[in-house]
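Enquirer: Got a structure for you, written out below as structure tokens; questions coming shortly.
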Amino acid sequence: MDEWNWLKQHFLSPQFQKLSAANLANRDKLTMHHHAGCTAFIYNADKLRREGESLYLINGFEVAYDTPHNEIAAEKANDMRQKILTMLSEQHLDTPEDELLQQVDFRSQVDAFENVLGTRGGGIKGLGRVEIVGKGKAARRSRPNDIVLEEVQEHARQAQKEARHAQEEAQ
């Protein structure tokens, strides 16, 4: 009973009411609402990568922002796919779209995020505060995103090496 009384007092306190009102106002300003609970975006993307998704960052974005119910997020995800397809089709003429999507690397997905969503505070919107290697000033790093992102980058590099090796053997 003591804990319940403390909780009631806490929720009714002026400090909590002020904080709650500020958070409500900030949520109202959002155009895309995160629907993946407390799971970090990059964890969803990493799970999709382990399941074999080629567009794991973009598909992770769709999971986090529930694109079937969020028109703005769905539009952004489609824009990212189109940026990637346009870039790849310019590099690989006469290659079918489904084959192009299998060739998408980590860097292409990050570039699409940066192009469509922009940057803020040294990081790319939608990816959180993570360091993107080779992108000007180093962004602030936070745990656990930096560890998972480095693992995803390493996996992408390994997959590229394997693909190059397979192409060389085929020739």
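Every read-out reported here was derived from the displayed coordinates using simple, explicitly stated rules and does not represent laboratory data. Computed from a predicted model, the values in this text were never measured in an experiment. Virtual Cβ from ideal backbone geometry, glycine too; neighbours counted across all protein chains shown.
Enquirer: Output the pairs from K47/K125; K47/K76; K8/K76 with a Cα-Cα distance over 31 Å in this structure; if there are none, say none.
Expert: K8/K76
Enquirer: Just want the ordering: E3, E97, from fewest to most Cβ atoms lying within 10 Å of their own Cβ.
Expert: Ordered from fewest to most neighbouring Cβ atoms within 10 Å, E3, E97 come out as E3, E97.
Enquirer: With θ set to phi - 60°, apply the Karplus curve 6.51 cos²θ - 1.76 cosθ + 1.60 along the stretch 83-93 and write out the HN-Hα couplings as whole Hz, x wherever there is a Gly or Pro.
Expert: 4, 5, 4, 4, 4, 5, 5, 5, 7, 10, 5
Enquirer: How about K83: which aspartates and glutamates have a C-alpha closer than 20 Å to its C-alpha, ignoring those fewer than 8 places off in the same chain?
Expert: E53, E62, E71, E75, D94, E97, D98, E99, D105, D111, E114
Enquirer: Sort T119, T86 by Cβ crowding within 10 Å, fewest neighbours at the top.
Expert: Neighbour counts put them in this order, fewest first: T86, T119.
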